[in-house]
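Remarks on the structure that follows.
Nothing in this text is a laboratory measurement; each read-out follows from the coordinates by a stated rule. As the structure is a prediction and not an experimental result, all values here were calculated from the model. Positions of Cβ are generated from backbone atoms using ideal geometry, with glycine treated the same way; all protein chains shown enter the neighbour counts.
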Amino acid sequence: MKRIIFLLLVTLSTTTYSFGQSHLDSLSMANRLYSEGKFDKAAQLYESVIKMGHESPELYYNLGNSYFKQQRIASAILNYERAALRNPSDEDILFNLELARSFTVDRIEPIPTFFLVSWISSISSWLSSNAWAYLSICFFTIALAFTGFFMLSNRINRKKLAFTMSVVAVVFTVLTATFSAKQRNLLIKHNYAIVFKSVVPAKSSPDTSGKDLFILHAGTKVKITNTLGQWYEIRLADGNKGWISHTDIVRI
C-alpha cells in the first residue's frame, strides 16, 4: 500500500510539474509574440493559459494590452477590469483601463452617493481580497496579544492601555474582514459585465418586443441586477435600468 501511494505521489508531482512547465512555456511564447507585434497570436496564448486554470492580474493585464493593440476595446476593458479586481491598487492597470474607456461611445455620469458609502467603497478598493484578509488576521493576532497582556498585567494603567488597544485591533479586524468579503464577492458573483455588441438597445421587458429604453455601445460597464431565462436586467451607474440578451454582454 505504501508503494502504491508513493508511486501515486510521484505521478501527481510529475503531472503538476509538466502542467506548470507547459503554462510557463505558453507565457514565454505569448510574451515573445507580443514583443514581436503579433498581438492576435499572443492573445490566443494568454487565453489558453487562463483556460488551463492560471489567473493573475499580470496575465489579465497582458491579455488586455494584446486586445488593446488590436483595437478590440471591449475585450481590452473586460480584461483590464478582471486584472483590477485582483489587484485594485496597480497604477498601470488602472491607467490602461481608463485609457481604454476613453475610446468607448457611452458617457455615463454616476449618481452621487452618500459620502460615507463612497468613502468606504473607495477604501475597500485599495487592496485585493487576499490582502485585506491577511491584514484582518494580523489585527486579530494583535487583539489576542493585547488581550493576553491585559489579563496578565497587574497595573491599572497598563490594563487600560491593553484594553483600549485590543478594542481598536478588534475594530480593525472587523473592518478589514468586511473589505475582504466585499472584494471577494466581486470576484465570485460576477455581478458586473461589459457590453460586447456594437449597438445594444436596452428593453423595457425581457423579450425582443419590449420597448427600447436607451442604447448601449461596446465597452460599457453594466451591473446585472436580475436574470430571467436568457435575459439580464442591467443597471447603469446613472441609475437607468433595462433588459438585454445574455449574448450581448460578458461577465467580468
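So what's the angle, to the nearest 10 degrees on a 0 to 90 scale, between helix 57-69 and the longest Cα principal axis of the chain? With both axes taken from Cα atoms, the answer is about 20 degrees. Between 0 and 90 degrees, the angle of helix 73-86 with respect to the longest Cα principal axis of the chain falls at about 10 degrees. Legend: Rg and Dmax of region 116-205, from Cα coordinates, 20.6, 72 Å. Restricting the calculation to alpha carbons of region 92-159 gives Rg and Dmax of 21.4, 68 angstrom. Rg ratio for the chain: its Cα radius of gyration over 2.2 N^0.38 Å, N being its residue count, equals 1.33. Taking the three principal axes of the alpha carbon atoms in region 174-217, the coordinate ranges are 48, 21, 15 Å, sorted in descending order. Normalised by 2.2 N^0.38 Å, where N is the number of residues, the C-alpha radius of gyration of region 14-101 stands at 1.07.
In region 192-251, the C-alpha radius of gyration followed by the widest Cα-Cα span (Dmax) gives 9.8, 25 angstrom.
Placing dummy labels 7 Å off each Cα toward the beta-carbon, the span from Lys38 to Trp119 is 5.4 nm. Between Ser75, Ala177, Ile234, the Cα set farthest toward the positive side of the dipole of the chain (charges on each charged residue's Cβ, about the Cα centre) is that of Ala177. Just checking the listed ones, Pro110, Pro201, Pro57: in the Gaussian network model of the chain with Cα springs under 10 Å, the one fluctuating most is Pro110. For each pair in Lys38/Lys221; Lys51/Lys197; Lys41/Lys69; Lys189/Lys221; Lys38/Lys69, compute the distance between the two Cα atoms and list the pairs where it is over 19 Å. Those over the limit are Lys38/Lys221; Lys51/Lys197.
For the chain, what's the relative contact order in percent, using C-alpha pairs closer than 8 Å and at least 6 residues apart? About 15 percent, as a whole number. Kindly express, to the nearest 10 degrees and within the range 0 to 90, the angle between helix 39-51's C-alpha long axis and the longest C-alpha principal axis of the chain. With both axes taken from Cα atoms, the answer is about 50 degrees.
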